[in-house]
Amino acid sequence: MVRYGMIIDLRSCIGCGACVAACDMENDTLWEEGKRRTEVPKLLFGTYPTVMAVFVPRLCMHCDNPPCVAVCPTGASYKTEDGVVLVNYDLCIGCKYCVVACPYDARYVDEKKRRAVDKCTFCYENRVKQGRLPACVETCVGHARIFGDLDDPSSEAGRLAMSGLARPLRPDLGTKPKVLYIPKVKFE
Amino acid sequence: MIEAGVQTAWGWLIALYLFLGGMGGSMVVIGYLHHVRSKQNHLAAVGSLVGVILVALGTLFLIGDLTKPEKFYLVFLSPRLNPGSWIFRGSLILTLFIAFGLLYAAPQIKYFHWLPWAKNEKVIRYLGLVAASFGFLTVMYTGILISMARAVAFWQSPALPMLFIASGLSTGVAGMLFVNVVQGIRASGERREMHFHWCHELSLWDAILISVEILVTFLYLYIVSASSPEAALSVNELLFGSLSIPFTVGVLLLGLAIPFLLEYLHITRGKTASEIVRDKGVFKPCLLPITAATLVIIGGIVLRYAILAAGIKTIVIMT
């Protein structure tokens, strides 16, 4: 069984936002502030004079233990066999419990196009199942996004995941994210 | 460094829903207790009916907040129903509460005396017990619902459902005070005296509940702010940040401190039952509790909103 995940190398991200654009083109999302499947905010670390700006691409973490799936009343949010967390738009009634429960702010309400809660799918149906990479990964100029099977030691993503170099966000919550970050500055 | 954001998915409609669930559910609890204690049912019957209507209204707000309100039935009928979700469990509790609340309250109202169990006090009492239990579950559920959203550290405390229970019961007593005074104005003689007496009793209950609520609020904010940096951000927002006016003035002062003082004044210096007969009404002698009840209700609404609006999530922590 594959366990799809993504490694994000913060050392290589230049904040160009091509991933955001590629995602919108591929998935026909709303293109509104706060209503995107992936975003690349610039975060500032430290205090003057030792300040550093880091681009931290954000998307759904496709948690192994997803809080959104646990709270969804209708089962619209679910995890596939490959560990990808998806939303069934027909079953979603838009109660927004998952939006509130997601620690990574990965979800938003799409009132216009899908009339449901929407989020990153890892391009599961439209690309990954056909053996292609997610749109954001394919377009990334800095090779900052690396997609693959985290359990496969022969893949680049798998090697990085097992190296101990890449870490999840908020590991304290026990959500076990499958998007891992290689820090530009030391995590702790 | 902490990258934090406030949850905005749940706003006023959900705050009103949580409030109405707390107030309506409590009115049936208080009504039933009053029914058993005083062996008189007319305050319990009308109060419970009002409680059920308030919860039903709250349910409409919940449905109105959905992105697809027309598909609300999927909460029960989805082919992949998740029985672990507190939206599903809450909907079930609300439905059973409304059903048993009506079964309990309706036969005691004169338009529904034709119902087969209307003359059987024992059956009505048992229905009352079931309705009051679901009423209490409704009150408790409103607190559990948001505590189960694990992303928000500020909500991760057993004191939050306790706060909602204390606030819910207090607003429920406030609602009963209104029903009681309206009934008292329309009654005469001995009955009016009885309503005035209940006004006194309800004020006492409310004062006790408000003091519990003040205590729980203090313990909750104090301990949760020490539990994690992001919960401390929420508490900071409530006390000193953008929510400080609604929270300190709306909840702490107008919703808790002033009503407590008013109820206290009424209990210690209010008029006696013999004076009320001379006053030919219950409105004026019950003015202090009625003012307190109005403030308690406003405070209850603002409290729900402030707690939701202070739901800060911390997404990235790095050094």
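Miscellaneous remarks
- Any chance A:ILE146 is touching a Leu at 6+ places or on another chain (Cβ under 8 Å), among the β-branched types (Val, Ile, Thr), outside any helix (DSSP H, G or I) and touching a residue at least 60 places away in the same chain (Cβ under 8 Å): yes
- All of B:LEU115, B:LEU127 fail the test of being hydrophobic (A, V, I, L, M, F, W, C), over 17 Å from B:LEU20 (Cα atoms) and assigned to a loop (DSSP other than H, G, I, E, B), apart from B:LEU115.
- For A:LEU43, the conditions (1) free of Cβ contacts under 8 Å to residues at least 24 places away in the same chain; (2) part of a loop (DSSP other than H, G, I, E, B); (3) facing another protein chain (nearest Cβ under 9 Å); (4) more than 26 Å from A:ARG127 (Cα to Cα) are fulfilled apart from (2).
- Residues of region A:76-112 that turn out to be small (Gly, Ala, Ser) and under 24 Å from B:PHE72 (Cβ atoms), as a count: 4
- Among residues that are out of contact with any helix residue (DSSP H, G or I) (no Cβ under 7 Å at 6 or more places or on another chain) and either on the phi > 0 side of the Ramachandran plot or among the β-branched types (Val, Ile, Thr) (or both), B:THR67 is included.
- Counting only residues that are part of a helix (DSSP H, G or I), free of Cβ contacts under 8 Å to residues at least 24 places away in the same chain and more than 7 Å from chain A (Cβ to nearest Cβ), region B:60-85 holds 6 of them.
- Identity of the residue in region A:79-98, under 25 Å from A:GLU33 (Cβ atoms) and more than 7 Å from every other protein chain (Cβ to nearest Cβ), that ends up surrounded by the fewest Cβ atoms within 10 Å (Cβ to Cβ): A:TYR89
- The residues of region A:46-65 that are closer than 17 Å to A:LEU169 by Cα, in a loop (DSSP other than H, G, I, E, B) and of a type outside the set (A, V, I, L, M), listed by number, are A:PRO57, A:CYS60, A:HIS62, A:CYS63, A:ASP64, A:ASN65.
- Single residue of B:LEU169, B:LEU163 found to be within 12 Å of the chain's Cα centre (by Cα) and surrounded by fewer than 24 Cβ atoms within 10 Å (Cβ to Cβ): B:LEU163
- Pick from region A:109-121, criterion of a type in the set (A, V, I, L, M, F, W, C) and within 7 Å of chain B (Cβ to nearest Cβ), ranking: farthest from the chain's Cα centre (by Cα): A:ALA116
- Here B:VAL52 does not qualify as part of a helix (DSSP H, G or I), surrounded by 17 or more Cβ atoms within 10 Å (Cβ to Cβ) and free of Cβ contacts under 8 Å to residues at least 40 places away in the same chain.
- Residue count, region B:14-48 (criterion: surrounded by fewer than 22 Cβ atoms within 10 Å (Cβ to Cβ) and in contact with a Leu (Cβ under 9 Å, 6 or more places away or on another chain)): 3
- Within region A:169-182, one or more residues are surrounded by fewer than 16 Cβ atoms within 10 Å (Cβ to Cβ) and closer than 25 Å to A:LYS42 by Cβ.
- Yes/no for B:LEU163 being more than 14 Å from chain A (Cβ to nearest Cβ) and either part of a loop (DSSP other than H, G, I, E, B) or at pLDDT 90 or above (or both): yes
- Residue within region A:55-63 that is touching a residue at least 24 places away in the same chain (Cβ under 8 Å), out of contact with any strand residue (DSSP E or B) (no Cβ under 9 Å at 6 or more places or on another chain), crowded, with 21+ Cβ neighbours inside 10 Å and more than 30 Å from B:LEU145 (Cα to Cα) present: no
- Residue within region B:135-143 that is within 14 Å of chain A (Cβ to nearest Cβ), of a type outside the set (Gly, Ala, Ser) and part of a helix (DSSP H, G or I) present: yes
- Matching entry among A:ALA70, A:ALA106, A:ALA76, A:ALA101 (being small (Gly, Ala, Ser) and more than 8 Å from every other protein chain (Cβ to nearest Cβ)): A:ALA106
- Options B:SER225, B:SER242: the member that is part of a loop (DSSP other than H, G, I, E, B), at pLDDT below 95 and either at negative phi or among the charged types (D, E, K, R) (or both): B:SER242
- Within the option set B:SER91, B:SER48, being within 20 Å of the chain's Cα centre (by Cα), closer than 30 Å to B:PHE112 by Cα, among the small types (Gly, Ala, Ser) and at the interface with chain A (Cβ under 8 Å from one of its Cβ atoms) holds for one residue only, B:SER91.
- Listed by position, the strands (runs of 3 or more DSSP E) inside region A:76-120 whose residues that are among the acidic types (Asp, Glu) number at least 1 are A:108-110, A:116-118.
The values are calculated or read from the model by the stated rules, or taken from the named source; none is laboratory data. The model shown is predicted, which means the values in this text are computed figures rather than measured ones. Heads up, the Cβs are rebuilt from the backbone with ideal geometry, glycines too, and the neighbour counts pull from every protein chain shown.
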